[in-house]
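Since the structure comes first, as structure tokens, the remarks are kept for the end.
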Amino acid sequence: MQPMNPRTGETITFDNVGLRYGTDREVLSDVSFTLYPGSFYFLTGASGAGKTSLLKLLYLAQRPSRGVISMFGTDVITLPRSRLPALRRRLGVVFQDFRLVPHLSAFDNIALPLRVSGVREADLARPVADMLAWVGLGSRADARPATLSGGEQQRVAIARAVIGRPDMLVADEPTGNVDPEMALKLLRLFEALNRLGTTVVVATHDVHLLRKVPDSLIMRLDKGRLSDPTGALRYPPRRPTGEHDGSLAPDGGTS
Amino acid sequence: MKRSKARSHIASASLSGGFSVMRGDRASQLVPQARLAGPIPWVIAIMVALTVIAAAGGLALHNLAESARSELAGGATVQIVEALPQERDRQAEASLALLARHPAVASAERVSDAELEELLEPWLGVGADREAVPIPALIDLRLRGPATEAQLDSMRRLLADEAPAARIDAQSAWLRPVFSAISSLQWLAFALVVLLGLTSAAAVWLAARSALGSNRNTIEVVHLLGGTDGQIARIFQRSVGFDAALGGSAGLALGLAAVLLMGRQFAGLGSGMVAGGGLSPINWALLALVPVIGVMIAILTARLTVMGALRRML
């Protein structure tokens, strides 16, 4: 029996997934895993190992060349294109290159997922302002991405990814451009989100980061193949989901 | 303090979860707005102006042809082609008397010598000796309905004995080549309107593709955040629609000014036929619809272009 997402009661599974671009060789081969609901995963591997390709499959930018992907109880392979947006709205994505909308302010960039989902303007002002404050950019709400530093842009990108409280957060090198203190702070934010039931997948090659989240699981990609010697990724053990207080406080405590 | 805010921010951002759209200015702001900087307003303005002029020309020609047709449909002309003046006059008077009793004839009136001289003045000059160049006597017939060949044959038989020099022709027959030319011009105007519409659509298609290319990153981000094709297409529709409305208004003003100016010049000709080519209130209303249709074509083209491009993404 597969474990269930504590918030949605659904899982994310990859079964013998392969991906190739055009007629090139496969960049991902026989990738099989089940994302433990509400768990924290680090995706590691050398450059060119296929981390970004795997993340693209996770955030539905790409369909695999073969294999089966099931997300939240939905078969992604056979899902009609018109139903993908609803699935994408359950995901939060931090792109490696941030992909902020250049002519929108930090506030509007963070508000984008809420607006796409139809949240009323009156209802989004406060959460967006709070999120800006949380990532330390409260005073830069009106700043355009071009006027923000790399680290500030990254924080806006992270705020945009988590503002909608996604069922799964996918982050590609989310701490690559921030100082260690901010990196830790952002990691704590991911953990807090994770405690609320969000499955978190963070691609990184920063080994120090892995130690910061003791309960995390490691997914290691090597030349497009997932290293899973114990089978724990494919058949994760069941574990209690725990009680959550709904807090996003970085240390998990209440305030 | 910050922590409590952080705790509440996600929970309080209630998502409707449906496919509701980004509305109003917020949606259109996703595409950088540079009013009048792009080609669309200018292209639409020129296209609408040309379309209004072509459509006005077509409508005026239609009105002119209809007016002339209705005027000439019930008319016929009797010519007494006789060189001897006395015999010509006799046959003309006999024809008048006979035709007045014909059931299809509403009225028959001989064209006076003064009118004939006036008609021939451009060719023969003032004070020309009429008998030096024998001019047929003319009788203008008004019929009770449109002239038919059967009626004309019946009149010819009636006059055959008393006025053997009489020739009867429907007035519309004289202008058949003119009507044919007018009809061709009407089709030409119609074809111009269609071509201009297609050109406008092609221009919008190119502009929409260009806008798609320059905003590709934004579109991909909105797409990956769960934006539907419809939402993204609406962003461009709004932008193109606004530009087209702006250009369409300017084009309508320009086109109407040109039509009014040409109308005045044609009115100055004082020609009875041209006077029949004026525009009715319905015609003016149709011309006012040109920019509305232009905006609709632009919006539809933008939507189809963007939807087509988006379908190539997952």
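The values are calculated or read from the model by the stated rules, or taken from the named source; none is laboratory data. Here the structure is a predicted model, which is why all the values come from computation and not from measurement. FYI the Cβ positions are ideal-geometry reconstructions off the backbone, even for glycines, and counts take in every protein chain you see.
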Query raised in the report: Among A:84, A:55, which is within 30 Å of residue A:125 (Cβ to Cβ) and not in a loop (DSSP other than H, G, I, E, B)?
Result: A:84
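Here's the yes/no breakdown for (1) among the polar types (S, T, N, Q); (2) in the same structural domain as residue B:289 (by TED's automatic domain parsing):
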site: B:171; (1), (2): yes, no
site: B:182; (1), (2): no, yes
site: B:198; (1), (2): no, yes
site: B:204; (1), (2): no, yes
site: B:207; (1), (2): no, yes
site: B:215; (1), (2): yes, yes
site: B:228; (1), (2): yes, yes
site: B:253; (1), (2): no, yes
Query raised in the report: If residue A:41 passes every condition in (1) surrounded by 20 or more Cβ atoms within 10 Å (Cβ to Cβ); (2) part of a loop (DSSP other than H, G, I, E, B); (3) in contact (Cβ under 8 Å) with a residue 40 or more places away in the chain but one, which one does it miss?
Result: (2)
Requested in this report: Select, from B:57, B:74, the only residue that is surrounded by 16 or more Cβ atoms within 10 Å (Cβ to Cβ), closer than 30 Å to residue B:256 by Cβ, out of contact with any Cys (no Cβ under 9 Å at 6 or more places or on another chain) and small (Gly, Ala, Ser).
Outcome: B:57
Report task. Give me the pairs, please: first residue somewhere in region A:208-230 and closer than 18 Å to residue A:15 by Cα, second residue anywhere and exposed (fewer than 15 other Cβ atoms within 10 Å of the Cβ), beta-carbon distance under 7 Å, and either six or more positions apart or on two chains. Result -> A:220/A:227
**Report entry** Residue selected from region A:44-73 under the condition hydroxyl-bearing (Ser, Thr, Tyr) and in contact with a Ser or Thr (Cβ under 9 Å, 6 or more places away or on another chain), by the criterion surrounded by the fewest Cβ atoms within 10 Å (Cβ to Cβ)
**Finding:** A:70
Requested in this report: Return yes or no: is residue A:124 within 12 Å of another protein chain (Cβ to nearest Cβ) and closer than 19 Å to residue A:198 by Cβ?
Outcome: no
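Quick grid of which residues meet (1) within 9 Å of chain B (Cβ to nearest Cβ); (2) under 16 Å from residue A:163 (Cα atoms):
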| residue | (1), (2) |
| --- | --- |
| A:60 | yes, no |
| A:67 | no, no |
| A:94 | no, yes |
| A:100 | yes, yes |
| A:104 | yes, no |
| A:107 | no, yes |
Query raised in the report: Mind checking which residues of region A:184-207 are acidic (Asp, Glu) and touching a residue at least 60 places away in the same chain (Cβ under 8 Å)?
Result: A:191
